[in-house]
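To keep things clear, I will list the structure first and then write my remarks on it.
The values are calculated or read from the model by the stated rules, or taken from the named source; none is laboratory data. As the structure is a computational prediction, the values presented were derived from the model and not from experiment. Cβ atoms come from the backbone with ideal geometry, glycine included; neighbour counts cover every protein chain shown.
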Amino acid sequence: MKILGSLFWVAVIVSVVLTGCTTAVKMETARSLSKEQAIVFGKVNVIVDGKRIEMTTSGFKSYLTIEFRQRGSSTIMEYKVDKTGYFYWPLAPGEYEVLGVYGFSAEVGLFEMKVPLAQPVYIPFTVGPEIESLYLGDLTLELRRTRHLVQRLDDNYPEATQEFHKRYPDAHSDPLNRVTKLQPLNPGTYTKETYICGGAWGIYCSSKNIGVTPSSPDRLQDVVVASTTPTLRWGPSSIPDIKYDVAIYEAYDSTWRKINLDLLTGKKRWRRGRLLAYAQGLTGPTFKPDVALQPDTTYLWSVRLRRGDTVSTWSQVKNALIHPEAFWYFAVEQWETWLNFTTPNK
């Protein structure tokens, strides 16, 4: 414990020195209307085990951070949702994308079991010139302590418009309604999902590799492939007539799960962004995407197995992360992430 404590204070010092190196920017609530920027707004509702959770912007209670960015930018903007659930972002014209959320639900106190809220949420939107305000919708995230997730984006435009005019009484017009469809948490069609290491799928899982074993790329993570049009290959199931689904996502470097020492080491914490390619029901353990990948870019990919309308969970990599949950104690978190590869720079 003394060693861990020493490491924590080293991490704090490193954080103070290198805070300017982060690519995350804290987004503040729009204070007033502006001719140069539009106010992009919406609402987030978090429901855990049937109960709506009220968020806080400070302390160790329930919180939720939204990650979004301008398309093509490496800078991630972060916004912490307050107790009302509404967000109001001042944004210049351009194309943007909501990427995901992270946080915890903690209703009682500091030491109770927290429910993690982290999940991909992909919402693309465009801020055009001379737009005063833009409504994205009401995002509802329903969770159970069993990790079952349900997402939906509702159109509550009349109520949202009233709230907008209360906050910005000098607005010249009603907001534009730009509610769209969410990218599914899991692509494809299926009626049942079972654990990939349960024995029914003919796949050998290790303490680190939770699913198929890739042969091209030849490592689970942090490997540079030979071209921007790679062919993905993996070890097949030992059971006949098993089919495969494959998905490739854009990756972005998230502050979720980052610790202070990541600033010193440059460690990336990749999360899923936009879905680029998906194939369902492949008969063999190989896949070549029909979309162009960008050079010198990291992508997340995974394989799941399919038998009719029943699928396995996605293949993942298990990692152990030691990080401070508070100043006086540490937590060891076992977490899973997708496989990744990086394209060459030319």
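Would you confirm, using the coordinates I've provided, whether Arg269 is at pLDDT 95 or above and basic (Lys, Arg)? No. Within the range 142-172, being over 20 Å from Arg274 (Cα atoms), among the polar types (S, T, N, Q) and modelled with pLDDT under 95 holds for one residue alone: Thr146. If only residues of the range 268-298 that are among the charged types (D, E, K, R) and part of a loop (DSSP other than H, G, I, E, B) are counted, the one that is nearest to the chain's Cα centre (by Cα) is Arg269. Residues in the range 203-233 that are within 28 Å of Pro295 (Cβ to Cβ), more than 25 Å from the chain's Cα centre (by Cα) and among the hydrophobic types (A, V, I, L, M, F, W, C): Ala226 only.
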